[in-house]
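A short write-up of the structure that comes next.
Every read-out reported here was derived from the displayed coordinates using simple, explicitly stated rules and does not represent laboratory data. None of the values given here were measured: they were computed from a predicted structure. Here Cβ is always computed from backbone atoms with ideal geometry, including for glycine, and neighbour counts include all displayed protein chains.
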Amino acid sequence: MGPETFHYHNCLLKLKFIFLVLQKQNNGLMEIIAKILIAAVAVEHVYILWMEMFAWETKGKEVFKSALPPDMFKPTKGLAANQGLYNGFLAAGLIWSLFISDEKWQTNVALFFLSCVAVAGIYGAVSATRKIFFVQALPAILAIIAVLLHHFL
């Protein structure tokens, strides 16, 4: 092996080492970003639980004023409370995912609940109002991307 070849291989090894170090640092940052996004989606769903279960006729009326006529909030209070409970289950699953110590399980549980939120948000955008996509589905999709980038980088 000549001096040029040795120098070339030496440079490649240094570049590989630098790439691995940067990848490890970025992976730590991506983990933090993913967990912040998961927590944000969970907090949002705790808020939705509260609004739909306990404040449907006040805050719910403000939020969904364009989706329902004002006289429909009282008769749909039970339906909204049931819907709020389901949002609470989504929040619980996302919060649970933050406390799982096994990385593979943590990733799978987070992806499952984030996917549920994304699908519900997309369905809500199609069936109720487009605003739901931006408020519910998009944050979940961004969190899914962050989780996948953390897991596969």
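For Val147, what charge total do you get from the other residues with a beta carbon under 15 Å from its beta carbon, if Lys and Arg give +1 and Asp and Glu give -1? Show your work: numbers first, answer last.
Details: positive: Lys35, Lys104; negative: Glu31, Asp102, Glu103.
Cβ neighbours under 15 Å give a net charge of -1.
Calculate the FRET efficiency for Ala55 and Val126 from the Cβ-Cβ distance with a Förster distance of 25 Å, rounded to the nearest 0.05.
Values: r = 26 Å, r/R0 = 1.02.
Once rounded, the FRET efficiency stands at 0.45.
Excluding Ile38 itself, calculate the net charge of residues whose Cβ lies under 12 Å from the Cβ of Ile38, where each Lys or Arg counts +1 and each Asp or Glu counts -1. Numbers along the way, then the final one.
Details: positive: Lys35; negative: Glu31, Glu44.
Local charge sum for Ile38: -1.
Summing Lys, Arg as +1 and Asp, Glu as -1, what charge do residues with Cβ under 12 Å from the Cβ of Met72 carry, Met72 excluded?
Working: positive: Lys61, Lys65, Lys74, Lys77; negative: Glu57, Asp71.
Once positives and negatives cancel, what remains is +2.
How big is the gap, in Å, between the Cα center of segment 105-146 and the Cα center of segment 48-84?
21
Under a Cβ-only charge scheme (Lys and Arg +1, Asp and Glu -1), can you give me the dipole magnitude of segment 34-153 about the Cα centre, in debye to the nearest 20? It would help to have the intermediate numbers written out before the result.
Working: 9 positive and 7 negative charges, 53 e Å.
Taking the Cα centre of segment 34-153 as origin, the dipole is about 260 debye.
Please list, in chain and number order, the residues 5+ apart from Leu98 or on another chain whose amide H is under 5 Å from its amide H, with Hs placed from the backbone.
Distant-sequence amide H within range of Leu98: zero hits.
Shape call for segment 32-153 from the C-alpha gyration tensor, a ≥ b ≥ c root eigenvalues: rounded (a/c under 1.5), prolate (a/b greater than b/c) or oblate? Working shown, then result.
Details: a/c = 2.92, a/b = 2.02, b/c = 1.45.
Prolate.
Computed FRET efficiency, Cβ-Cβ of Ile32 and Phe89, R0 22 Å: what is it to the nearest 0.05?
Numbers: r = 26 Å, r/R0 = 1.17.
For Ile32 and Phe89, the calculated efficiency is 0.30.
Explain nothing, just compute: Karplus ³J(HN,Hα) = 6.51 cos²θ - 1.76 cosθ + 1.60, θ = phi - 60°, for every residue of segment 120-130 in order, whole Hz, x for Gly and Pro.
4, x, 5, 4, x, 5, 6, 8, 10, 8, 4
Once fully extended, how much extra length lies between Glu103 and Val63, figured as 0.36 nm per residue of separation less the alpha-carbon to alpha-carbon distance?
On the way: separation 40, 0.36 × 40 = 14.40 nm, distance 3.70 nm.
Full extension from Glu103 to Val63 adds 10.7 nm.
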